[in-house]
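Chemist: Before I ask anything, let me first share the structure, which is written out below as structure tokens.
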Amino acid sequence: MERKMRGLAARGTLVFGLALLSACGGNGTWAVTVYGEEFIEDGIAAEEFVDGWAVSFSTFDVRLGAVVGRDATGQELARLDDMTTYDLTISSEGAGQDVGEREVPAGMLASLDYDIGEGEGCALHVVGDATKAGDEKTFDWCLTRQTTYQACETTAEVPVDARGESQVTVHADHLFYDDLVSEEPHVAFDLIAEADTDADGAITETELRALSIVDEARYQVGSADVEDLWTFIEAQSQTVGHIDGEGHCDTN
């Protein structure tokens, strides 16, 4: 069952093993939130782009699937299975949107896994506009690739009689990275804007699929089978997930 969240009080159903965390005496509350940071809530300013564009979002839906907590050996100790779509443009004043919470034995959580895009439909539904020097382009993209983020470097600690939190953090600027393999890609929009070949101001999937990146000096893909700009953006969509802000995850 999928629910479209338009508020910050959504709760999933967390199913825990008997020993969620390394017990250190007493219980605490482990909470999970999802957050798109200022880039989604407030937009990506022109100074973030190498080519001077600015992007704002009217919708940034993320379909969050299973969230799994693991101990230091990799054993599954906690699982959230309730699939929910969150619109991360909704202002949370830095707190993120609630996914779920539960009383658990106090201690450290070793790692976290989660899915984005499990099932059918959009994994990410991104609607917005880009502006530069009086030029405006709009986009409405349904990105469907499912990604499992694994071994996420969580910093969550559940204190006794207090609240510890794990945050699924989504980095929207990755959609506009101009390299799949570089550790220091640029955030860019010029090539995406060029895809609007009918000059109607709307950049569509069809137009992006028609734009080859094979001869581009930037937009390198390494060994990935990626030849057009839409497939490139889809590949970048699988890198947006982090944990606790900048914590990295392996992807599958």
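The values are calculated or read from the model by the stated rules, or taken from the named source; none is laboratory data. Keep in mind that what you see is a predicted model, and the values were worked out from it rather than measured. Cβ placement follows ideal geometry from the backbone for every residue including glycine, while neighbour counts extend to all protein chains displayed.
Chemist: Sort out which residues of segment 70-86 are within 21 Å of residue 143 (Cα to Cα) and modelled with pLDDT under 80, and write them in order of number.
Modeler: 82
Chemist: If the Cβ limit is 7 Å and pairs must be 6+ apart or interchain, which residue in segment 152-163 that is small (Gly, Ala, Ser) pairs with which residue that is part of a loop (DSSP other than H, G, I, E, B)?
Modeler: 156/109
Chemist: Suppose the filter is in a helix (DSSP H, G or I) and more than 20 Å from residue 57 (Cα to Cα); does residue 197 pass it?
Modeler: In short, no.
Chemist: Based on this model, can you work out whether residue 173 counts as within 17 Å of the chain's Cα centre (by Cα) and either without any contact (Cβ under 8 Å) to a residue 12 or more places away in the chain or closer than 22 Å to residue 58 by Cα (or both)?
Modeler: The answer is yes for residue 173.
Here is a yes/no grid of residues against (1) under 24 Å from residue 116 (Cβ atoms); (2) among the aromatic types (Phe, Trp, Tyr); (3) at pLDDT below 95:
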{"site": "183", "(1), (2), (3)": "yes, no, yes"}
{"site": "188", "(1), (2), (3)": "yes, no, no"}
{"site": "196", "(1), (2), (3)": "no, no, no"}
{"site": "199", "(1), (2), (3)": "no, no, no"}
{"site": "204", "(1), (2), (3)": "yes, no, no"}
{"site": "209", "(1), (2), (3)": "yes, no, no"}
{"site": "239", "(1), (2), (3)": "yes, no, no"}
{"site": "244", "(1), (2), (3)": "yes, no, yes"}
{"site": "249", "(1), (2), (3)": "yes, no, no"}
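Yes/no matrix, rows are residues, columns are (1) modelled with pLDDT under 95; (2) in contact with a helix residue (DSSP H, G or I) (Cβ under 6 Å, 6 or more places away or on another chain); (3) surrounded by fewer than 20 Cβ atoms within 10 Å (Cβ to Cβ):
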{"residue": "119", "(1), (2), (3)": "yes, no, yes"}
{"residue": "145", "(1), (2), (3)": "no, yes, yes"}
{"residue": "149", "(1), (2), (3)": "no, no, no"}
{"residue": "154", "(1), (2), (3)": "yes, no, no"}
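Chemist: Another question, then. Assigned to a loop (DSSP other than H, G, I, E, B) and more than 24 Å from residue 95 (Cα to Cα) - does that describe any residue in segment 158-176?
Modeler: no
Chemist: Looking only at segment 122-157, which residues are assigned to a loop (DSSP other than H, G, I, E, B), within 16 Å of the chain's Cα centre (by Cα) and either closer than 19 Å to residue 41 by Cα or not polar (S, T, N, Q) (or both)?
Modeler: Scanning segment 122-157 gives 122, 123, 145, 153.
Chemist: If we keep just the residues of segment 74-89 that are in a loop (DSSP other than H, G, I, E, B) and in contact with a strand residue (DSSP E or B) (Cβ under 7 Å, 6 or more places away or on another chain), which is surrounded by the most Cβ atoms within 10 Å (Cβ to Cβ)?
Modeler: Per the stated criteria, the residue is 88.
Chemist: Identify the residue in segment 90-113 that is acidic (Asp, Glu) and either at pLDDT 90 or above or part of a loop (DSSP other than H, G, I, E, B) (or both) and, among all such residues, is nearest to the chain's Cα centre (by Cα).
Modeler: 113
Chemist: Just checking, which of 143, 124 is under 20 Å from residue 177 (Cα atoms), touching an Asp or Glu at 6+ places or on another chain (Cβ under 6 Å) and in contact (Cβ under 8 Å) with a residue 40 or more places away in the chain?
Modeler: 143
Chemist: Tell me, please, whether a residue that is surrounded by 13 or more Cβ atoms within 10 Å (Cβ to Cβ) and in contact (Cβ under 8 Å) with a residue 60 or more places away in the chain can be found in segment 207-228.
Modeler: no
Chemist: Also, quick follow-up: Report whether or not residue 239 is touching a helix residue (DSSP H, G or I) at 6+ places or on another chain (Cβ under 8 Å) and part of a loop (DSSP other than H, G, I, E, B).
Modeler: yes
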